[in-house]
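> The structure is given below, and queries will be raised subsequently.
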Amino acid sequence: MASDLHANEPNNQTKKYADDTYLLIPSSNVHSCAAEIQHIEDWAMKNNLTLNRKKSVEMVITAPRSRRKFVIPPPAVPGFERVDCIKVLGVTVNNTLSFSNHVEDVLTRCSRNLFAL
């Protein structure tokens, strides 16, 4: 069923795994965000599904060591929470594409398990 879900704009991408869908929109297409979300909701309705807006989040990814000042616009879709990190297939990635949050989480869990022994 998910194989027929594709982004409307040519440079936008959808990535799917099981019941998770990730919509990737480059800054050059930020104007298409609301239309892409509406497209996903229409697809879901057509396939007797619903987009859970409470579980849907937005993350703006920036270059980690860029010297340019970025002007990050307000959230493109009302009702979506903007986050600094997201868990993708069990791996925590932050808005600079660093895995430091993930490493910290894994080390914390390991430390707790060792303490329990």
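Taken together, the values in this text are just the output of simple stated rules run on the coordinates, not laboratory data. Just so it is clear, the model here is predicted, and its values are computed rather than measured. For neighbour counting, all protein chains shown are included, and Cβ atoms are generated from backbone atoms with ideal geometry for every residue, glycine included.
> For Glu104, indicate whether it is within 30 Å of Asp4 (Cβ to Cβ) and among the charged types (D, E, K, R). Lay out the reasoning, then the answer.
Values: within 30 Å of Asp4 (Cβ to Cβ): no; among the charged types (D, E, K, R): yes.
Spelling it out, it is not the case that Glu104 is within 30 Å of Asp4 (Cβ to Cβ) and among the charged types (D, E, K, R).
> For the range 26-37, how many residues are under 18 Å from Leu51 (Cα atoms) and among the β-branched types (Val, Ile, Thr)?
1
> Quick check on Asp42: is it within 18 Å of Lys15 (Cα to Cα) and either part of a helix (DSSP H, G or I) or out of contact with any Lys or Arg (no Cβ under 6 Å at 6 or more places or on another chain) (or both)? Give the steps one after another, and end with the answer.
Details: within 18 Å of Lys15 (Cα to Cα): yes; either part of a helix (DSSP H, G or I) or out of contact with any Lys or Arg (no Cβ under 6 Å at 6 or more places or on another chain) (or both): yes.
Judged against the criteria, Asp42 is a match.
Conditions tested, residue by residue: (1) in contact (Cβ under 8 Å) with a residue 12 or more places away in the chain; (2) within 26 Å of Asp84 (Cβ to Cβ).
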residue	(1), (2)
Asn12	yes, yes
Lys15	no, yes
Ile25	yes, yes
Asn29	yes, yes
Lys46	no, no
Leu51	yes, yes
Glu58	yes, yes
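> Here's another thing I want to ask about it. State all residues of the range 45-78 that are among the hydrophobic types (A, V, I, L, M, F, W, C) and under 19 Å from Thr14 (Cα atoms); if no residue qualifies, say none.
At the first step, the residues of the range 45-78 found to be among the hydrophobic types (A, V, I, L, M, F, W, C) are 45, 49, 51, 57, 59-61, 63, 70-72, 76-77.
Scanning the range 45-78 gives Met45, Leu49, Leu51, Val57, Met59, Val60, Ile61, Ala76, Val77.
> Now a separate question. Test Asp42 against the criterion of being closer than 21 Å to Asp4 by Cβ and more than 13 Å from the chain's Cα centre (by Cα), and give yes or no.
Working: closer than 21 Å to Asp4 by Cβ: yes; more than 13 Å from the chain's Cα centre (by Cα): yes.
Answer is yes for this residue.
> Looking at (1) crowded, with 16+ Cβ neighbours inside 10 Å; (2) assigned to a helix (DSSP H, G or I); (3) of a type in the set (A, V, I, L, M), can you tell me which one Ala34 breaks?
Condition not satisfied by Ala34: (1).
> Which numbered condition trips up Arg67, out of (1) surrounded by 13 or more Cβ atoms within 10 Å (Cβ to Cβ); (2) assigned to a loop (DSSP other than H, G, I, E, B)?
Tallying (1) surrounded by 13 or more Cβ atoms within 10 Å (Cβ to Cβ); (2) assigned to a loop (DSSP other than H, G, I, E, B), Arg67 fails exactly one: (1).
> Oh, and also: Just one of Val77, Val103, Val93 is under 11 Å from the mean Cα position of the chain (by Cα) and either within 16 Å of Ile25 (Cβ to Cβ) or surrounded by 11 or more Cβ atoms within 10 Å (Cβ to Cβ) (or both); which is it? First the steps, then the outcome.
Working: Val77 fails: under 11 Å from the mean Cα position of the chain (by Cα); Val103 fails: under 11 Å from the mean Cα position of the chain (by Cα).
The unique qualifying residue is Val93.
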